[in-house]
Amino acid sequence: MLSQLAASLVDGLLIGFVYGIAAMGLTLIWGVVRIINLAHGAVIALAMFGVYYLVLWTGVNPYLALPLVAIGGLAAGYVIYVLAVRRVVNAPPLASLLATFAVNMILIGTATTVFTTSPYSITLELGGVDAGFVTIPATRIVATVVAIGVTVGLYLLLYRSGVGRQIRAVANNRDAAELMGIPSGRILALSFGIGTMLAAAAGGLIATFFPFTILSGEAYQLKSFVIVVLGGLGNPLGALAGGLILGSLEGLVPVFTSASWVPVIEFGLFVVILLVLPNGVFGGRE
Amino acid sequence: MIRGAALEVARWLRNPGLWPPLILVAALGAIPAATGSATLREGIFLLLMYVALASSLNIFLGYTGYVSFGHIVFFGLGGYVGFYALTVLGWPLALAAIAGGVAAGLLALAIGASVLRLRGAYFALATLGINEAMRAFVSNFGPFGGPTGMSLDFSIYRSFGGPTEALWLAYFSMLALTIVAVLMSSAVKGSRFGLGLFSIREDEDAALVMGVRAPSAKTIALVLSAVIPGVIGVLFFFKNGNIEPPDAFKLQTSIEIIVMVMLGGFGTVLGPVVGAAGYERLRSFLLTSDPFKSLQLTIAGVVLLLIILFIPNGVIGWLRARVPRLRGTLQ
Amino acid sequence: MTIVLRAEDISKRFGGLQALANVSFAVEEGQILGLIGPNGAGKTTLFNVLNAVYRPDGGRIVYRDRDIRGLRPYDVARLGIARTHQIVRPLNELTVRENVMVGACFGRRELGLVDAAAAADATLELVGLDARSDQLAATLNVAQKKRLELARALAADPDLLLLDEVLAGLNPAEIGAMLDMIRLVRDRGVTIVIIEHVMHALMNVSDRVVALDYGRLIAEGAPAEVAADAAVIEAYLGDPKLAAGLVRAHD
């Protein structure tokens with residue numbers, strides 16, 4: 001029992017790290033652009049299909065397909081911003097919520113027609129790694145390494161590059177940044193794109209774990225929201241930490257009860273945190 | 001005091017904005033009655049249902065500005081409770097329908113007491129999950145039939161004089177409910193309570209400072225917007241003959257109702273009526289023309305996006321802005 | 001003289017920042033109390049505490065012998081305290097009249113719609129916006145929005161009116177008109193606390209002045225006294241030598 005618990009916990013933690021990446025994207029978009037991206041799940045789902053088809057058509061290793069999919073996510077985000085979000089970025093929240101929601105509908109609706117709701121999966125036989133009394137599937141380890149790489153990359157971008165400084169300036173005070181000559185429109189679009197890039201990266205990694213359908217994006221989007229709320233809206237490290245927490249929860253719950261309770265527990269946690277700790281466990285920013 | 005209330009009602013009835021939506025609904029409703037056609041009856045039943053759902057949602061979404069993505073939860077829960085009362089408890093239809101409405105209202109009250117204190121985006125996120133949680137719960141809830149739901153014994157229609165009579169009864173009940181929804185929508189909009197709701201929508205913090213009791217006002221608005229969908233749910237599934245979780249808590253319908261409200265013009269009485277009627281026609285047309293059948297969600301998304309970006313106040317809102325003279329009648 | 005409002009030892013902290021520290025003062029009935037201080041001194045925070053937008057960490061707020069600490073903003077409004085905001089908050093998609101009606105319906109008088117409309121029209125006439133009653137609030141310019149903000153507060157028939165930089169962005173003629181309105185309101189029996197940066201205007205219209213700096217009360221008294229107070233001048237200029245020079249120039 002203990003070893004089962006340990007195995008589930010470790011598995012959950014590692015998967016949670018990947019969830020955290022998706023959540024980081026969501027929280028980055030909130031922190032910089034100040035909107036909730038309801039198309040996040042669609043990007044996650046499309047990334048899964050992206051990796052699948054790249055592997056199918058070119059036979060390349062899924063991990064090598066990942067950077068391409070991530071860049072696709074960046075481009076998609078930029079385009080979504082310019083087409084749908086730009087006009088409502090300063091409007092009341094209702095407008096931007098519905099705008100990104102509409103984008104979600106368009107993406108999922110079209111994708112459902114193309115891909116149907118059948119499950120797809122990427123077969124990846126990588127074996128496992130023995131670590132004491134648990135055997136960790138290699139997919140989790142590779143994904144964690146990639147996730148760490150992504151996090152480091154994001155940190156370097158935000159804190160060690162000129163662009164990153166501009167992003168932080170716009171996040172801090174958009175008007176002041178503009179007055180200082182920073183092209184806020186482009187920075188906002190870029191930030192949105194980076195957020196969706198993270199979503200795409202996460203989606204690609206999740207595709208190496210589980211089978212997926214076009215509707216999976218919705219579930220992962222909800223997980224992202226739960227994590228973001230746990231970690232504090234606007235707090236990227238909090239999102240990572242929140243991902244770990246959620247991952248462990250997802251790993252542990254099925255050991256004790258039926259796995260179908262997981263979404264209910266996640267949602268319950270979501271509401272409770274929103275009510276009790278609106279700034280998340282780690283503190284966010286309004 | 002009765003005289004005061006009577007004056008208020010008279011003033012409300014004199015408001016020209018009340019009549020276009022009412023007349024439109026009555027006219028639509030009269031068509032099947034006039035022609036006696038069963039196909040028209042079924043088609044207009046659905047149309048009226050959407051008008052009622054959109055008008056109800058508007059009382060919350062349009063007047064307070066809070067986005068409720070999972071509004072269909074009231075339809076589903078009400079439907080289930082009423083269906084249960086009808087089939088298991090053997091209650092008469094009217095009572096079962098009221099039970100559905102009450103259940104929906106109670107759920108709204110619970111949401112109001114807990115989740116409504118969250119603002120804008122947070123609240124919207126929460127509603128995304130409420131519908132899903134309710135569906136998951138009902139799917140596991142034995143008395144409601146679990147994942148396979150419940151169905152009714154068709155002998156129940158005999159008590160109405162046969163299936164055709166039952167269907168006509170359901171139809172006229174739906175028409176009545178739609179009229180009630182429109183009346184409620186108009187009454188709230190023209191009331192002091194409604195003014196408070198609009199102030200919350202425009203700037204909740206400023207409204208609080210001016211003395212608007214926002215927490216209770218929002219909850220009341222949610223309850224008012226939930227009750228009719230609850231009753232409609234019972235009616236719909238009574239006609240349907242059975243009820244299952246995915247049909248009762250269909251997220252897509254929830255989304256489409258939002259599109260209808262936004263298309264017609266949120267915050268107006270006529271808007272949801274026009275939006276629902278227009279969207280429902282578009283939808284029916286698309287469903288019968290092959291390439292578009294599976295693109296329903298996509299098209300709804302495109303419609304919604306175009307509205308948000310270019311005519312955020314919907315068709316009626318746009319008309320009101322363009323033709324100020326019509327502002328009195330188009331409300 | 002009746003004390004309408006007494007603030008006792010008000011403190012408010014935001015994370016690491018002590019926004020208000022032991023602020024105490026009193027406002028007499030029918031008085032206009034000016035509240036000055038450099039940017040960031042805590043003036044608006046103090047207003048937010050007075051009308052219950054923020055809860056103070058310490059201290060009491062006594063409004064006509066009633067401890068109002070812990071009440072919600074709408075309760076405070078019902079009791080008769082109205083307020084305008086530094087950055088105007090019009091209800092954009094409502095008409096000018098509807099904006100003012102909100103104040104009339106939910107403020108101290110709690111009027112019904114018909115009476116509120118009449119009250120709104122009267123108040124709009126007072127502030128000179130009656131010609132724009134049917135316009136959407138969003139279409140007004142800044143000066144008009146300021147007057148709308150004032151009208152909304154007045155329509156509630158307040159006992160105590162908190163004005164937060166109601167003159168900012170106005171030209172001298174508009175300032176003069178606004179000051180006349182403020183005096184008119186006071187003559188009707190409303191007690192007023194006014195935050196202002198337009199110094200000569202504030203000194204002109206106030207009966208008494210209190211000054212804040214870094215969340216603390218640093219001076220209190222007649223306008224001329226406070227204006228000449230070295231601590232006040234230093235707070236505004238940050239340089240004692242310059243401050244001393246100014247005091248000399250003031251004489």
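Against chain C, whose longest principal axis is taken from its Cα atoms, helix C:240-250 shows a tilt of about 70°.
A crude spin-label estimate for the pair residue B:94 and residue C:28, with each label 7 Å from Cα along the Cβ direction, gives 6.9 nm.
Comparing A:265, A:36, A:214 in a Gaussian network model of chain A, where Cα atoms under 10 Å apart are tied by springs, the biggest mean-square fluctuation is seen for A:265. Backbone geometry of region C:6-16 corresponds, through the Karplus equation with coefficients 6.51, -1.76 and 1.60 at θ = phi - 60°, to 3J(HN,Hα) couplings of 10, 9, 10, 6, 6, 10, 8, 10, 10, x, x Hz, x marking Gly and Pro. Put simply, region B:67-139 fits an ellipsoid with semi-axes of 26, 12, 8 Å; these come from the alpha carbon gyration tensor as the roots of five times its eigenvalues, largest first. In a simple Cβ point-charge model (Lys, Arg +1; Asp, Glu -1; nothing else charged), region A:117-176 has a dipole of about 400 debye relative to its Cα centre. For chain B, relative contact order (Cα pairs under 8 Å, six or more residues apart, normalised by length) works out to 31 percent. Using C-alpha pairs below 8 Å separated by at least 6 residues, the relative contact order for region A:2-276 is 44 percent. DSSP assigns beta bridges within the protein assembly as shown; of those with both partners inside it, close to 65 percent run antiparallel. In this structure, the amide hydrogen of residue C:83, modeled 1.01 Å from its nitrogen in the peptide plane, lies closer than 5 angstrom to those of C:162, counting only residues at least 5 positions away or on a different chain.
Computed from the Cα positions only, the extents of region B:207-331 along the three principal axes stand at 49, 35, 24 Å, in decreasing order. Helix C:142-155 and the longest principal axis of the Cα set of chain C meet at an angle near 80°. In the frame of its principal axes, region B:167-278 has Cα extents of 51, 26, 23 Å, reported largest first.
Straight-line reach from residue A:223: which aspartates and glutamates have a Cα under 16 Å away, not including same-chain ones fewer than 8 places off? Partners found: A:250, A:266, B:132. Computed over neighbours whose Cβ is under 14 Å from that of residue C:127, the net charge equals +2, Lys and Arg +1, Asp and Glu -1.
Distant-in-sequence amide contacts of residue A:128, defined by a placed amide H-H separation under 5 Å and a gap of 5 or more residues or a different chain, comprise A:138. Its Kirkwood hydrodynamic radius, worked out from the mean inverse distance over all distinct Cα pairs, puts region C:100-165 at 11.8 Å. With distances taken between every two different alpha-carbon atoms, the protein assembly as shown has a Kirkwood hydrodynamic radius of 29.8 Å. Which residues does a label at residue B:24 reach in region B:251-291, if reach means a backbone N under 13 Å from a point 7 Å past the Cα toward the Cβ? Inside the label zone: B:260-281.
Viscosity 1.306 mPa s, temperature 10 °C: give me the Stokes-Einstein translational D for region A:76-206 in µm²/s, with Rh taken as the Kirkwood radius over C-alpha pairs. The estimated diffusion coefficient comes to 89 µm²/s. By the count of other C-beta atoms within 10 Å, a proxy for reagent exposure, C:85, C:197 are ordered fewest to most as C:197, C:85. Build a GNM of chain A with springs between Cα atoms under 10 Å apart, and of A:92, A:67, A:211 the one that fluctuates most is A:92.
As a rough footprinting exposure proxy, the listed residues B:150, A:24, C:101, C:199 were ranked by other beta carbons within 10 Å of their own, and the order from fewest upward is C:199, B:150, C:101, A:24.
Each Cα pair of chain B feeds into the Kirkwood radius, which the Stokes-Einstein equation turns, at 10 °C and 1.306 mPa s, into a diffusion coefficient of 78 µm²/s.
For region C:190-229, the relative contact order works out to 28 percent when only alpha carbon pairs closer than 8 Å and six or more residues apart are counted. Seen against the Cα atoms of chain B and their longest principal axis, helix B:270-288 is set at about 40 degrees. Simple rule: put +1 on each Lys or Arg Cβ and -1 on each Asp or Glu Cβ in the protein assembly as shown, find the dipole, and look at B:33, A:252, C:119; the Cα lying farthest toward the positive end is B:33. Computing FRET efficiency as 1/(1 + (r/R0)^6) for residue C:86 and residue A:156, where r is the C-beta to C-beta distance and R0 is 45 Å, gives about 0.65. Chain A has equivalent-ellipsoid semi-axes of 30, 22, 19 Å, by the square roots of 5 times the alpha carbon gyration tensor eigenvalues, sorted largest first. Using a simple spin-label model with pseudo-atoms 7 Å out from Cα toward Cβ, residue A:186 and residue A:163 lie 1.1 nm apart.
Once the chain from residue B:39 to residue B:287 is taken as fully extended at 0.36 nm per residue, the excess over their C-alpha distance is 87.7 nm. Just want the answer: with Cβ charges of +1 for Lys and Arg and -1 for Asp and Glu, which residue in A:119, A:14, A:136 is farthest toward the dipole's positive end in the protein assembly as shown? Result: A:119. Spin-label model, residue C:135/residue B:7: points 7 Å from Cα along the beta carbon direction are separated by 3.2 nm.
Within region C:24-62, what residues put their amide N at less than 14 Å from the label point 7 Å along the Cα-to-Cβ vector of residue C:183? In region C:24-62, the label zone of residue C:183 (backbone N under 14 Å from the point 7 Å along Cα→Cβ) covers C:32.
Computed from the Kirkwood radius of its Cα pairs, the Stokes-Einstein diffusion coefficient for chain C at 37 °C and 0.692 mPa s stands at 176 µm²/s.
Each value in this text was obtained by applying a stated rule to the coordinates, not by laboratory testing. All figures in this text were calculated on a predicted structure; none of them were measured in a lab. Neighbour counts are summed over all protein chains in view; Cβ atoms, including those assigned to glycine, are modelled from backbone coordinates with ideal geometry.
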